[in-house]
Amino acid sequence: MRKLLLCCLCIIFSVVGCVVLNVNVTFPEKKIEQAAEDLLAPPQDLPSSFLPHFFAKNLYAQEAVEVKSDIKTSSPVIREAKRKMDSWWVKLNDFKKEGFVGEKNSFEVELRETPSDVSIAKEVRQIISNENRERRVMMNELLKINNVAPSEREKFKQIFAKVVQRNSPKSTWIQTEQGLWQRK
């Protein structure tokens, strides 16, 4: 009897010891989307003529509160990139409306149509270059401070691309997930 009890206990402990625990960690798409809304919000110091964006700024500020605990969105590097991007935000959106600049599905901007005026064309190219550089800086820092796995980095960028496309002005060129271009 004793041997049987001992044998049963060994079997129970063996089974319990071999239990595999599966933990499913889901990719926090909503939290990343909220972080993108926060970081890509219109600049806080827009002139009063940008009244339609006033309401958007308030919505972005409310979302930022929810995000901070899960997705880190602040560091000196990110704040500096955001400050630079804010300095040409109005001009970039004007160029998007004109059809000169398009939003790619990879969180970059691209020249879609070259302006006929040489000085404007030069300005468009410069803003595109600056914007892409600061987006890369911002994204690399976000990936770093949030310890994003290499396998999840593209998904992170795609979420940011969707947010910036959604918040771009009407008539902006938008690249679809399939790589096709269409006007918003």
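The values are calculated or read from the model by the stated rules, or taken from the named source; none is laboratory data. Keep in mind that this is a model prediction, so the values were computed, not measured. Positions of Cβ are generated from backbone atoms using ideal geometry, with glycine treated the same way; all protein chains shown enter the neighbour counts.
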Conditions (1) modelled with pLDDT of 95 or more; (2) closer than 13 Å to LEU39 by Cα; (3) not β-branched (Val, Ile, Thr): number failed by ASN130 = (2)
Report whether or not SER151 is of a type in the set (Gly, Ala, Ser), out of contact with any helix residue (DSSP H, G or I) (no Cβ under 6 Å at 6 or more places or on another chain), over 18 Å from GLU29 (Cα atoms) and free of Cβ contacts under 8 Å to residues at least 12 places away in the same chain.
-> no
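The rows are residues; the columns are (1) at pLDDT 95 or above; (2) surrounded by fewer than 20 Cβ atoms within 10 Å (Cβ to Cβ); (3) not in a loop (DSSP other than H, G, I, E, B); (4) not hydroxyl-bearing (Ser, Thr, Tyr).
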| position | (1), (2), (3), (4) |
| --- | --- |
| GLY102 | yes, no, yes, yes |
| ASN105 | yes, yes, no, yes |
| SER119 | yes, yes, yes, no |
| VAL137 | yes, yes, yes, yes |
| ARG153 | no, yes, yes, yes |
| PRO169 | yes, yes, no, yes |
Residues of the stretch 107-117 that turn out to be surrounded by fewer than 16 Cβ atoms within 10 Å (Cβ to Cβ) and either out of contact with any helix residue (DSSP H, G or I) (no Cβ under 9 Å at 6 or more places or on another chain) or part of a loop (DSSP other than H, G, I, E, B) (or both), as a count | 4
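Let's see how each residue does on (1) among the basic types (Lys, Arg); (2) at pLDDT 60 or above; (3) within 30 Å of SER171 (Cα to Cα):
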site	(1), (2), (3)
LEU5	no, no, no
CYS10	no, no, no
ASN24	no, no, no
SER49	no, no, yes
ASN58	no, no, yes
GLU80	no, yes, yes
TRP88	no, yes, yes
ASN93	no, yes, yes
Yes or no: LYS157 in contact (Cβ under 8 Å) with a residue 24 or more places away in the chain and assigned to a helix (DSSP H, G or I)?
-> yes
Among VAL164, VAL148, which is on the phi < 0 side of the Ramachandran plot, modelled with pLDDT under 95, within 18 Å of the chain's Cα centre (by Cα) and not basic (Lys, Arg)?
-> VAL148
Identify, please: which residue in the stretch 70-108 is acidic (Asp, Glu) and more than 18 Å from the chain's Cα centre (by Cα) and is, among those, nearest to PRO42 (Cα to Cα)?
-> ASP94
